[in-house]
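Q: Structure incoming, see below.
The values are calculated or read from the model by the stated rules, or taken from the named source; none is laboratory data. Computed from a predicted model, the values in this text were never measured in an experiment. A quick note on method: Cβ atoms are made from the backbone with ideal geometry, for glycine too, and the neighbour counts reach across all protein chains shown. Heavy atoms of the whole protein, side chains included, go into the accessibility calculation; ligands, DNA and RNA do not. Shrake-Rupley method; radii C 1.70, N 1.55, O 1.52, S 1.80 Å.
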Amino acid sequence: MTRYNARVSEPKWQKAWDEAQVFQAKPDDSRPKYYVLEMFPYPSGKLHIGHVRNYAMGDIIARYKRAQGFNVFHPMGWDAFGMPAENAAMANNALPGVWTHKNIAEMKEQFAALGLSLDWSHEFATCDPEYYGHQQALFLDFLDAGLAYRKSASVNWDPVDMTVLANEQVVDGKGWRSGAVVERKELTQWFFKISDYSDELLDALDGLKNWPDKVRLMQANWIGKSQGLQFSFETKNAPKGFEALEVYTTRPDTLFGASFAGISADHPLAKALESDPKIAAFNAECRRTGTSAEALETAEKLGYDTGITVVHPFDPAKTLPVYIANFILMGYGTGAVFGCPAHDQRDLDFARKYGLEVRAVVSPDGADFSVQNEAFTDDGTLINSDFLNGLSIDAAKIEVIKRIDAANMGAGKTVFRLRDWGISRQRYWGCPIPVVHCDACGIVPENKENLPIILPEDVSFDKPGNPLDRHPTWRNCACPKCGTDARRETDTMDTFVDSSWYYARFPSSDADTPTNLADADYWMNVDQYIGGVEHAILHLLYSRFFARAMIKTGHLPDKCSEPFNALFNQGMVCHETYSTLDDKGRPVWHSPDEIVVDGDGYKLRETGEAITIGPSIKMSKSKRNVVDPLEQIEQYGADTARWFTLSDSPPERDIEWTTSGAEAAWKHLQRVWRMAVETDDSAAEGSSDAALTLEKTTHRAIADVTAGIEGFAFNKAIAKLYEFTNALQKSKAGKAEKQAAMRVMTQLMHPITPHLAEEIWALMGAKGMVTTAPWPDFDPAMLVDDSITMPIQINGKRRSEITIPKDLPKSEVEKLALADNAVIKALAGNAPKKLIVVPGRIINVVI
RNA sequence: GCGGGCGUGAUGGAAUGGUAGACAUAAGAGACUUAAAAUCUCUGGGCCCUAGGCCGUGUGGGUUCGAGUCCCACCGCCCGCACCA
């Protein structure tokens, strides 16, 4: 019996595609273009099984669209800057650049084994000076356009990675990569003015119809738009310069319920009072409080009465005490608020602790109302509020803003949660920020003709901190303005900058400017973008900002403000975990290849020790539940891995890698191969009924698989291919008909298992390569049968079925239904109460 | 706390408001084989003795001729954000 030998066939076809250059795309106005892109990988040096699934998805789309006649652009590159290279440098005494390029070379080979239809002629790595030099040019243009600026700010400092992190990179109070508790630090940093686009980035989310709702919602929440009132209280007993205290609120309607004013420990007023050692100590304590989930759960509301008071804007007789409070954030609004305990839970907790007045000013029904331990935050009617009494919340807000505005005390204001993007990183392995510090001229942008500012290679990692800082000569340069001795900026850019515009570089990867407008005009935008949901905010929000900034600076055409037309988030590949316990009762994790199934359970191969099987979770080095894709490819071939990772679950969901599942996929591919070989031996003449049935099945399969791929339901497409295989195997049609069906099968399988498809295509003597063959069409007329079987329900429960001609009039269907034995029996001579016929679907007899 | 999602056989999962469990995996039985592998056939939600029937999509209600699907409440799990005034 012949077997399909993936180990021989796969490299053979990869070479054939390569030599025919079938995946290289050039602008061509005669065909519609289609730009499909998967988030480019970090070159860790080792392909992960998750990569296989991710890139297989993109490849299905690319191959399918190519067969549909689209001019498909499917490029690949490397997100090559970042911490791991520096960590490796410290551990192995290897240079980050050398380490990274070695990884890229290894990984590219592993990618080749997957048979992806990639156009490698546009490849680049973000650590190439040819790439990051253009990024430096973009930076200078952003600087010129006011989109980049430098300021001193309190930043998130990761004490392990010894670098600054963006807000988006702090997760649960910890660094997103190192996991270290983040500290606050005052540093002068470079920022991108993403806040210029807060409104636009929010509003444009509505237009992203082909993005997951979840991602759009997450971005909307992150941008966090609030509408409210910003106004000033007049202060009493405050230090000089603080005659007014500006606060922000989204509930101006509750102003008459105010019983205190609160300021952040980082508020200028709080700092001005630090000459009092008690206040200094209190402020220090506030700053120390963590922001992790647990810390927030348990943190008590703490305040310090400054002795200062403010005057109520609508009631000069009323004054409110000013507290420094630990729950007020300097980074939002003005860092100062008025507290209305009745209608804000935090203020209520605070008021109860410090014995402040709790005065309800909104009542659910307009009647007198009081609040105990739970703040009332629902809709209602204003009470106890002078001129606001009887108004709705919305009307009261408008009225208060109007009066504050008229009194020149403040105005309505929209505030966003989104802050500007701090991009300075105190790291070596990143894109140098192209500015110069000159004693005479200050901060001077580097001249564009001096770009790229190239990273030095002779660096050492024997000490913590940024090697660029202690490099003997690299910092030294001439001031671009006055020519005197000056020093380079040693901070490099956040690696998220690198990935914020790579998609725009691919179409013109050789251009001597960051982009080429003609190429961008042809290829942009990305029609289908695929990647993990972990980038829902960081990468995707930054990219949306970058596209706008690049339009403003003339690097992209106007149509590119939303660079990703459609987004798909794929799930992860998981595996169950295996553990034993050490002598102290701590778990010891074992990798799947150390495990054997032995009669009644899983055992450790070496010692026979029984294994505890844990839940299937994301593959990770620490839990050792990792499956090496290269071993799988070595054993079964890339097609099997591609087929299996897409077969069982919807692509957006996590899947569990199981050995039995992978073997089953491999068996199935062997079965298809065998069938292709055997159709040659079929009887030359089959039954004509069988031939017609097979033809209809074929058209049905084309329709279903096409719909599956179009709808990103690869698992369903694969289920339909199984059905088609089963039907073809059982078919009694003749040789020619079976071969025709087999050819269609090959075309339908080709996006998923391209190598096997090519091998069968060649075996059957078909012309050219299946990779370049057009997608098969189906005839809608072939999808309908002449007779259909309709279930009959009695009172909604299925009781019988009848087979009737397709276009039988409704009245005839009713007659036949009433003549059905089960119906006659159930009716027992009575007329039905109701008879529902849904044409082509179902009949329901109501008794 | 706020926001979002999801609960279907032993398992992964199908199912425009219209025959629940497609397709696959595990498992069981059988065929072929000296034997194993490979391959093929059958069984494959639960219950009742069968024809056949009853029950069944987290729980309880509701809308409907008809609900896994829509609505309400509850329970459980997952994800995101989190003292944002």
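Q: Report the residue count in segment A:786-819 for those that are open to solvent by 80 Å² or more (accessible area, probe 1.4 Å), within 11 Å of RNA strand B (Cβ to nearest atom) and either in contact (Cβ under 8 Å) with a residue 12 or more places away in the chain or touching a strand residue (DSSP E or B) at 6+ places or on another chain (Cβ under 6 Å) (or both).
A: Here the count works out to 5.
Q: Can I ask one more? Give just the number: which of (1) within 28 Å of A:LYS174 (Cα to Cα); (2) more than 7 Å from RNA strand B (Cβ to nearest atom); (3) assigned to a helix (DSSP H, G or I) does A:ARG346 not satisfy?
A: (2)
Q: Looking at segment A:279-289, can you tell me whether even one residue there is in a loop (DSSP other than H, G, I, E, B), open to solvent by 40 Å² or more (accessible area, probe 1.4 Å), in contact (Cβ under 8 Å) with a residue 24 or more places away in the chain and on the phi > 0 side of the Ramachandran plot? Walk me through it before giving the result.
A: Going through segment A:279-289, the residues in a loop (DSSP other than H, G, I, E, B) turn out to be A:289.
Right, trim to open to solvent by 40 Å² or more (accessible area, probe 1.4 Å) and you get A:289.
Within this subset, residues satisfying the condition of being in contact (Cβ under 8 Å) with a residue 24 or more places away in the chain are A:289.
After this cut, where a residue has to be on the phi > 0 side of the Ramachandran plot as well, the list is none.
Within segment A:279-289 (the criterion being in a loop (DSSP other than H, G, I, E, B), open to solvent by 40 Å² or more (accessible area, probe 1.4 Å), in contact (Cβ under 8 Å) with a residue 24 or more places away in the chain and on the phi > 0 side of the Ramachandran plot), the answer is no, since none of the residues qualifies.
Q: Looking only at segment A:369-394, how many residues end up being over 15 Å from A:PHE314 (Cβ atoms), surrounded by 14 or more Cβ atoms within 10 Å (Cβ to Cβ) and out of contact with any His (no Cβ under 7 Å at 6 or more places or on another chain)?
A: Looking only at segment A:369-394, we keep the residues that are over 15 Å from A:PHE314 (Cβ atoms), and these are A:369-381, A:383, A:390, A:392-394.
From what's left, surrounded by 14 or more Cβ atoms within 10 Å (Cβ to Cβ): A:369, A:371, A:375-376, A:380-381, A:383, A:392-393.
Filter again for out of contact with any His (no Cβ under 7 Å at 6 or more places or on another chain), leaving A:369, A:371, A:380-381, A:383, A:392-393.
The total comes to 7.
Q: Failed condition for A:HIS575, given (1) under 30 Å from A:LEU604 (Cα atoms); (2) outside any loop (DSSP other than H, G, I, E, B); (3) without any contact (Cβ under 8 Å) to a residue 12 or more places away in the chain, with all others met?
A: All conditions pass for A:HIS575, except number (3).
Q: Also: Could you list, in sequence order, all residues of segment A:473-500 that are open to solvent by 10 Å² or more (accessible area, probe 1.4 Å), in contact with a strand residue (DSSP E or B) (Cβ under 6 Å, 6 or more places away or on another chain) and under 28 Å from A:SER561 (Cβ atoms)?
A: none
Q: Taking the condition open to solvent by less than 20 Å² (accessible area, probe 1.4 Å) and either among the hydroxyl-bearing types (Ser, Thr, Tyr) or over 17 Å from A:ALA125 (Cα atoms) (or both), does A:ALA504 pass? Spell out the reasoning first.
A: On the way: open to solvent by less than 20 Å² (accessible area, probe 1.4 Å): yes; either among the hydroxyl-bearing types (Ser, Thr, Tyr) or over 17 Å from A:ALA125 (Cα atoms) (or both): no.
Against the criterion (open to solvent by less than 20 Å² (accessible area, probe 1.4 Å) and either among the hydroxyl-bearing types (Ser, Thr, Tyr) or over 17 Å from A:ALA125 (Cα atoms) (or both)), A:ALA504 does not qualify.
Q: What pairs can you find where one residue is in segment A:381-397 and at positive phi, the other is part of a helix (DSSP H, G or I) and open to solvent by less than 50 Å² (accessible area, probe 1.4 Å), and their Cβ atoms are less than 9 Å apart, with a gap of 6+ or different chains?
A: Pairs found: A:ASN384/A:PHE256; A:ASN384/A:GLY257; A:ASP386/A:PHE256.
Q: Let me confirm something: among A:LEU138, A:LEU202, which residue is in a helix (DSSP H, G or I) and within 16 Å of RNA strand B (Cβ to nearest atom)? Talk me through it step by step, then tell me what you get.
A: Details: A:LEU138 fails: within 16 Å of RNA strand B (Cβ to nearest atom).
It is A:LEU202.
Q: For segment A:381-393, state whether one or more residues are assigned to a loop (DSSP other than H, G, I, E, B), touching a Phe, Trp or Tyr at 6+ places or on another chain (Cβ under 8 Å), under 28 Å from A:GLU243 (Cα atoms) and at pLDDT below 95. Lay out the reasoning, then the answer.
A: First, the residues of segment A:381-393 that are assigned to a loop (DSSP other than H, G, I, E, B): A:383-385, A:389-391.
Now drop any that are not touching a Phe, Trp or Tyr at 6+ places or on another chain (Cβ under 8 Å), which leaves A:383-385.
Within this subset, residues satisfying the condition of being under 28 Å from A:GLU243 (Cα atoms) are A:385.
Add one more test, that the residue is at pLDDT below 95, and what stays is A:385.
Scanning segment A:381-393 turns up at least one residue that is assigned to a loop (DSSP other than H, G, I, E, B), touching a Phe, Trp or Tyr at 6+ places or on another chain (Cβ under 8 Å), under 28 Å from A:GLU243 (Cα atoms) and at pLDDT below 95.
Q: Moving on to the next point. Among the numbered conditions (1) open to solvent by 20 Å² or more (accessible area, probe 1.4 Å); (2) within 16 Å of RNA strand B (Cβ to nearest atom), tell me where A:ILE752 comes up short.
A: Tallying (1) open to solvent by 20 Å² or more (accessible area, probe 1.4 Å); (2) within 16 Å of RNA strand B (Cβ to nearest atom), A:ILE752 fails exactly one: (1).
Q: Part of a helix (DSSP H, G or I) and touching an Asp or Glu at 6+ places or on another chain (Cβ under 6 Å): does that describe A:ALA270?
A: So A:ALA270 does not fit the description; no.
Q: Something else about it: Determine the pairs where a residue that is under 20 Å from A:GLY410 (Cα atoms), located within segment A:308-329, has a partner that is open to solvent by less than 40 Å² (accessible area, probe 1.4 Å) and assigned to a loop (DSSP other than H, G, I, E, B) with Cβ atoms under 7 Å apart, the partner being 6 or more residues away or on another chain.
A: A:HIS312/A:ALA258; A:LEU320/A:ALA258; A:LEU320/A:SER259
Q: Are there any pairs, at least 6 apart or on different chains, whose C-beta atoms fall under 7 Å, with the first in segment A:657-673 and closer than 16 Å to A:ILE752 by Cβ and the second open to solvent by 50 Å² or more (accessible area, probe 1.4 Å) and more than 6 Å from RNA strand B (Cβ to nearest atom), and if so, which?
A: A:GLN670/A:ARG3
Q: Further question: Condition (residue is in a helix (DSSP H, G or I) and among the β-branched types (Val, Ile, Thr)) applied to segment A:180-194: is it met by at least one residue? First the steps, then the outcome.
A: Quick first cut of segment A:180-194, residues in a helix (DSSP H, G or I) only: A:194.
Still in the list and also among the β-branched types (Val, Ile, Thr): A:194.
Among the residues of segment A:180-194, at least one is in a helix (DSSP H, G or I) and among the β-branched types (Val, Ile, Thr), which makes the answer yes.
Q: So, one more: Working only within segment A:626-670, note down all residues that are more than 8 Å from RNA strand B (Cβ to nearest atom) and in a loop (DSSP other than H, G, I, E, B).
A: A:VAL626, A:VAL627, A:ASP628, A:GLY637, A:PRO651, A:GLU652, A:TRP657
Q: So A:PRO321 ticks every box in (1) within 24 Å of A:LYS271 (Cα to Cα); (2) within 14 Å of RNA strand B (Cβ to nearest atom); (3) open to solvent by 10 Å² or more (accessible area, probe 1.4 Å) but one. Which box is left unticked?
A: Among (1) within 24 Å of A:LYS271 (Cα to Cα); (2) within 14 Å of RNA strand B (Cβ to nearest atom); (3) open to solvent by 10 Å² or more (accessible area, probe 1.4 Å), A:PRO321 violates only (2).
Q: I would also like to ask the following. Find the residue count for segment A:430-459, including only residues that are under 20 Å from A:ALA125 (Cβ atoms), open to solvent by less than 20 Å² (accessible area, probe 1.4 Å) and not aliphatic (A, V, I, L, M).
A: 5
Q: Out of everything in segment A:68-86 that is open to solvent by less than 10 Å² (accessible area, probe 1.4 Å) and out of contact with any Lys or Arg (no Cβ under 9 Å at 6 or more places or on another chain), what residue ends up being nearest to A:TYR529 (Cα to Cα)?
A: In this case the residue turns out to be A:PRO75.
Q: Pairs please, first residue from segment A:526-540 and open to solvent by less than 20 Å² (accessible area, probe 1.4 Å) and within 11 Å of RNA strand B (Cβ to nearest atom), second anywhere and β-branched (Val, Ile, Thr) and assigned to a helix (DSSP H, G or I), Cβ atoms under 7 Å, 6+ apart in sequence or on different chains.
A: As it stands, the answer is A:ALA536/A:VAL215, since those pairs meet every condition given.
Q: Out of the residues in segment A:737-749 that are open to solvent by 10 Å² or more (accessible area, probe 1.4 Å) and in contact (Cβ under 8 Å) with a residue 24 or more places away in the chain, which is farthest from the chain's Cα centre (by Cα)? So that I can check it myself, show each step before the final result.
A: Step one: of segment A:737-749, the residues open to solvent by 10 Å² or more (accessible area, probe 1.4 Å) are A:737-740, A:743-744, A:747.
Restricting the remaining residues to those that are in contact (Cβ under 8 Å) with a residue 24 or more places away in the chain gives A:737-740, A:744, A:747.
Numbers: A:GLU737: 46, A:LYS738: 44, A:GLN739: 43, A:ALA740: 42, A:VAL744: 35, A:GLN747: 32 Å.
Among residues in segment A:737-749 that are open to solvent by 10 Å² or more (accessible area, probe 1.4 Å) and in contact (Cβ under 8 Å) with a residue 24 or more places away in the chain, the one farthest from the chain's Cα centre (by Cα) is A:GLU737.
Q: Helices (runs of 4 or more DSSP H) wholly in segment A:728-847 with at least 1 residues that are of a type in the set (Gly, Ala, Ser) and at pLDDT below 85 - which ones? Before you say what the answer is, go through the steps one by one.
A: Details: elements: A:735-749, A:754-763, A:810-818, A:821-827.
Fully inside segment A:728-847 and qualifying: A:821-827.
Q: Same structure, new question: Being crowded, with 21+ Cβ neighbours inside 10 Å and not aliphatic (A, V, I, L, M) is the filter; apply it to segment A:648-666 and report the residue that is modelled with the lowest pLDDT.
A: A:TRP657
Q: A further question on this structure: Is it the case, given these coordinates, that A:LEU329 is open to solvent by 10 Å² or more (accessible area, probe 1.4 Å) and more than 27 Å from A:LEU302 (Cα to Cα)?
A: On the way: open to solvent by 10 Å² or more (accessible area, probe 1.4 Å): yes; more than 27 Å from A:LEU302 (Cα to Cα): no.
Considered against the rule, which asks whether it is open to solvent by 10 Å² or more (accessible area, probe 1.4 Å) and more than 27 Å from A:LEU302 (Cα to Cα), A:LEU329 comes out as no.
Q: Name the one entry in A:ASP172, A:ASP196 that is closer than 27 Å to A:PRO445 by Cβ, surrounded by fewer than 20 Cβ atoms within 10 Å (Cβ to Cβ) and either in contact (Cβ under 8 Å) with a residue 40 or more places away in the chain or β-branched (Val, Ile, Thr) (or both). Can you show your working first?
A: Details: A:ASP172 fails: closer than 27 Å to A:PRO445 by Cβ.
Criteria check complete, one pass: A:ASP196.
Q: Keeping to segment A:11-57, report how many residues are part of a helix (DSSP H, G or I) and open to solvent by 10 Å² or more (accessible area, probe 1.4 Å).
A: 12
Q: Now a separate question. Give the residues of segment A:119-139 that are within 21 Å of A:HIS48 (Cα to Cα) and either open to solvent by 10 Å² or more (accessible area, probe 1.4 Å) or in contact with a Lys or Arg (Cβ under 7 Å, 6 or more places away or on another chain) (or both), sorted by residue number.
A: A:TRP120, A:GLU123, A:PHE124
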